[in-house]
Amino acid sequence: MNNKIKHIADQSLRNEPISRTDALYLMQVGRDEIYDLFFWANQIRLRYFSHSVKACSIVSARQGRCTEDCSFCSQSARYHTGVEEFPLVDAKTILDVATCAEQAGSSSLGIVTSGYGISNPGDLRKICDAVEEIARHTHIHPHGSFGILTHETAQSLAKSGLKRLNHNLETSERFFPKVCSTHTFHDRINTIRCAKEAGLEICSGAIFGIGEEAEDRIDLAFTLKDLDVDVVPLNFLHPISGTPLKDSLPLKPMEALKIISVFRFVLPDKEIKIAGGRERNLRDLQSWMFYAGANSTMIGNYLTTTGRKVEDDFQMIRDLGLELAGNYD
């Protein structure tokens with residue numbers, strides 16, 4: 001057993017902050033020591049979440065024609081990806097998806113709209129109506145991802161019953177300009193602050209395998225810690241034809257698992273959710289994401305790519321002796 005990893009783990013088990021230097025050390029361990037890393041990440045997960053894991057679903061409520069140029073995204077109008085495009089769907093359609101997600105076992109539904117933000121008052125009203133309908137007719141928690149928000153928009157969403165805003169930082173502040181040039185890292189930070197001030201919980205994380213370095217991964221983890229976000233979704237690149245990152249190779253499964261573990265060390269008591277790209281990057285090691293420290297996952301399809309069958313994910317959770325958290329916590 002690597003004593004240094006154990007020492008760092010002891011700090012996380014006590015919910016004491018670890019140093020950036022120690023986090024970088026963890027990100028660089030290799031060979032047999034990586035199993036020590038997984039062991040302690042799992043112990044930290046068990047300390048704060050026991051055997052309970054969460055499942056969430058999303059619905060693409062407006063798709064394509066995005067003005068932004070995020071290099072990994074299939075929905076940017078600047079790229080020719082062939083993605084299906086459609087305007088904002090109605091509240092009933094979103095409610096139907098929420099009902100199905102609740103019946104499947106999800107604890108939340110994320111309503112996701114493409115674009116820079118919500119600039120049309122009519123669209124905002126439709127989204128608020130959908131949130132109200134979910135709150136009225138289901139027990140599932142309505143969450144959402146709507147791009148850059150103002151204080152006023154965040155307040156309106158909170159008043160409608162939205163529980164949580166998803167707004168990923170994607171990568172470190174240093175690397176962000178290489179990922180997107182049409183808005184800034186500060187714009188994203190400001191949206192998170194607006195949402196927090198409106199009383200919304202925050203779901204914010206990253207996408208890995210886009211050319212970032214280990215230091216970028218660590219910087220992002222500490223930024224999320226400083227922001228005190230509630231949920232940290234970790235995505236792994238699924239290259240989309242037509243985007244600048246279309247020829248990128250997937251991360252090796254053990255590298256992806258190492259990232260999950262280090263985020264657990266840095267954010268010991270936060271929900272860490274494994275989302276897009278896990279099928280391509282983790283491959284046969286998908287069940288290891290929980291041993292590596294995750295306590296949550298997205299089920300079903302993503303926005304423009306397909307996921308695993310829901311029943312296969314739930315069977316995996318049962319096989320691991322884990323328990324699916326209820327919808328009403």
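The values are calculated or read from the model by the stated rules, or taken from the named source; none is laboratory data. Note that the structure is a prediction, hence the values are computed from the model and not measured. Every residue, glycine as well, gets a Cβ built from its backbone with ideal geometry; the counts of neighbours run over all protein chains shown. Note: accessible area is taken over every heavy atom of the protein model, side chains too, but ligands, DNA and RNA are not part of it. Shrake-Rupley method; radii C 1.70, N 1.55, O 1.52, S 1.80 Å.
Worth pointing out:
- Over segment 254-327, the pair-distance histogram of Cα-Cα distances with 10 Å bins from zero comes to 18, 53, 28, 1 percent, rounded to whole numbers.
- The chain, helix-only ellipticity at 222 nm - DSSP H runs n ≥ 4, -39,500 (n - 2.57), divided by all residues, nearest 500: -12500 deg cm²/dmol
- Residue among SER204, ALA135, LEU95 farthest towards the positive dipole end of the chain, charges placed on Cβ: SER204
- For the listed peptides 282-295, 234-247, a ranking on the average number of other beta carbons within 10 Å per residue, highest first, reads 282-295, 234-247.
- Cα lying deepest toward the dipole's positive end in segment 1-67, options TYR35, ILE5, SER52, charges on Cβ: SER52
- Contour minus Cα-Cα distance for ARG308 and ARG283 (0.36 nm per residue): 7.9 nm
- Pairs beyond 24 Å (Cα-Cα), from LYS126/LYS270; LYS6/LYS225; LYS196/LYS270; LYS159/LYS225; LYS178/LYS246; LYS163/LYS252: LYS126/LYS270; LYS159/LYS225; LYS163/LYS252
- Kirkwood-based Rg to Rh ratio, segment 62-202, C-alpha trace: 0.97
- Taking Cα centre as origin and charging only the Cβ of basic (Lys, Arg, +1) and acidic (Asp, Glu, -1) residues, the dipole magnitude of the chain rounds to 120 debye.
- Considered as an equivalent ellipsoid built on the Cα gyration tensor, segment 1-126 has semi-axes of 41, 21, 13 Å, the largest given first.
- Isotropic mean projected area of the C-alpha convex hull, segment 183-275 (nm²): 6.6 nm²
- Under 21 Å of direct C-alpha separation, and excluding same-chain neighbours fewer than eight residues apart, LYS4 reaches these lysines: LYS258.
- Approximating the spin labels as points 7 Å out from Cα along Cα→Cβ, the LYS92-to-LYS4 distance works out to 6.2 nm.
- Area of PHE314 that stays accessible when all protein chains are in place (1.4 Å probe, Å², to 10): 30 Å²
- Eligible aspartates and glutamates near LYS309 by straight Cα distance, threshold 16 Å, same-chain separation 8 or greater: GLU102, GLU279, ASP284, ASP319
- Beta bridges per DSSP, both residues in the chain: antiparallel share near 5 percent.
- Column: log10 I(q)/I(0), Debye, Cα scatterers of segment 80-137, q = 0.17, 0.24, 0.28 Å⁻¹: -0.63, -1.03, -1.20
- Here each label is just a point 7 Å from Cα along the line to Cβ, and for ASP319 and SER181 those points are 4.6 nm apart.
- In the chain, the portion of solvent-accessible area held by carbon and sulfur atoms comes to 49 percent [1.4 Å probe, whole percent, DNA, RNA and ligands not counted].
- Under the convention that each Lys and Arg Cβ holds +1 and each Asp and Glu Cβ holds -1, the size of the dipole of segment 271-329 around its Cα centre is about 260 debye.
- Taking every protein chain into account, the 1.4 Å probe leaves TYR116 with about 100 Å² of accessible area, to the nearest ten.
- Residues HIS141, HIS7, HIS167 ordered from highest to lowest accessible area at a 1.4 Å probe: HIS7, HIS141, HIS167.
- Using the 1.4 Å probe convention, the accessible area of segment 260-310 works out to 30 Å² per residue with neighbouring protein chains retained.
- Euclidean distance of C-alpha centroids, segment 223-264 and segment 147-164, integer Å: 26 Å
- Each residue of segment 61-73 was assigned a 3J(HN,Hα) from its phi angle through the Karplus curve 6.51 cos²θ - 1.76 cosθ + 1.60 (θ = phi - 60°); the sequence is 8, 8, 10, x, 6, 6, 6, 7, 10, 3, 5, 9, 8 Hz, with glycine and proline shown as x.
- Peptides 169-181, 262-274 ranked from most to least packed, by the mean per-residue count of other Cβ atoms within 10 Å: 262-274, 169-181.
- Accessible area of SER76 in the full protein assembly, 1.4 Å probe (Å², nearest 10): 10 Å²
- More than 37 Å apart - percent of Cα-Cα pairs taken over the chain: 11 percent
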